[in-house]
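Let me begin by presenting the structure, written as structure tokens, before commenting on it.
The values are calculated or read from the model by the stated rules, or taken from the named source; none is laboratory data. All figures in this text were calculated on a predicted structure; none of them were measured in a lab. All Cβ positions, glycine included, derive from the backbone under ideal geometry; neighbour counts span all protein chains shown.
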């Protein structure tokens, strides 16, 4: 699939990119530094995203925010201070934008992430497989085909430990 790239200049300079597996947020410039407390790139694998907060730009600013399994990370810039403390500027995984032209590409990124999140994943560790596989592994251990370390590692994998 083709990479989607959106460059936003107002209210801060941000480049948002999405490929098939991850979203990359790159913050640049003085406004980003002032609002967020740092610049640079941040990569968020789709597999860690559990939700998306999206509001298209209209007469007011739009935003897209990615909620990960680790929760919403906060920033240390002015966006986390005073009246902005609970705003989108205080969230590291959120981009605020004002350009209506960006709506189409940002919605495409949202759809790509939503499609990934909502696609059922195949489980390699069903309980039936686990029950059947452990005695077989034990026999391989007893026969000397597997080492104790290999057996323990596979057992942890099967049990999800």
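Structure above, values below:
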quantity	calculated
The one condition in (1) at pLDDT 80 or above; (2) surrounded by 11 or more Cβ atoms within 10 Å (Cβ to Cβ); (3) assigned to a loop (DSSP other than H, G, I, E, B) that residue 144 fails to fulfil	(2)
Extreme residue, surrounded by the most Cβ atoms within 10 Å (Cβ to Cβ), among residues of segment 26-69 that are touching a helix residue (DSSP H, G or I) at 6+ places or on another chain (Cβ under 7 Å) and at pLDDT below 80	36
Looking only at segment 70-107, and only at residues there that are closer than 23 Å to residue 50 by Cβ and surrounded by fewer than 14 Cβ atoms within 10 Å (Cβ to Cβ), the one that is modelled with the highest pLDDT	70
Pick from segment 119-140, criterion out of contact with any helix residue (DSSP H, G or I) (no Cβ under 8 Å at 6 or more places or on another chain) and not in a helix (DSSP H, G or I), ranking: modelled with the highest pLDDT	119
